[in-house]
Amino acid sequence: MSEFAKLATAAGDQYLDAVAEMQENYLKSVAPVMDWMSKLPSMPAPAFATDLPTPQEMTEANFAFANKWLKQQQKFADRLFATPAPAATSSSTSRAKPKAQS
């Protein structure tokens, strides 16, 4: 693994750790509100709402799409970088050297 890959991985891990910590703090901060809301009387959902997806269904669908997109992008990048570099053209390698002036 190159030094760049090691540094990029370490930086990415630090970022994800920080995000996870912020997410955990957010969940802890909204827990009392969610507890309070669960004690409120429930109301029947409007008729049109039965046809709407739940937040969980929307999350699952969006993450399924994102995962497919990332896999496709990785496959594209792998194929792109597996493509051999074009050979140098003969015109660029056979240029005549300028004659030295005397």
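The values are calculated or read from the model by the stated rules, or taken from the named source; none is laboratory data. Note that the structure is a prediction, hence the values are computed from the model and not measured. Heads up, the Cβs are rebuilt from the backbone with ideal geometry, glycines too, and the neighbour counts pull from every protein chain shown.
Some values worked out for this structure:
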read-out	value
Selected residue (criterion: nearest to the chain's Cα centre (by Cα)) from residues of segment 1-24 that are among the polar types (S, T, N, Q) and surrounded by 10 or more Cβ atoms within 10 Å (Cβ to Cβ)	T9
Every residue from segment 25-62 that is loosely packed, with under 10 Cβ neighbours inside 10 Å and either hydrophobic (A, V, I, L, M, F, W, C) or in contact (Cβ under 8 Å) with a residue 24 or more places away in the chain (or both)	V33, M34, W36, M37, L40, M43, A45, A47, F48, A49
Some residue of segment 32-45 being assigned to a helix (DSSP H, G or I), modelled with pLDDT of 95 or more and hydroxyl-bearing (S, T, Y)	no
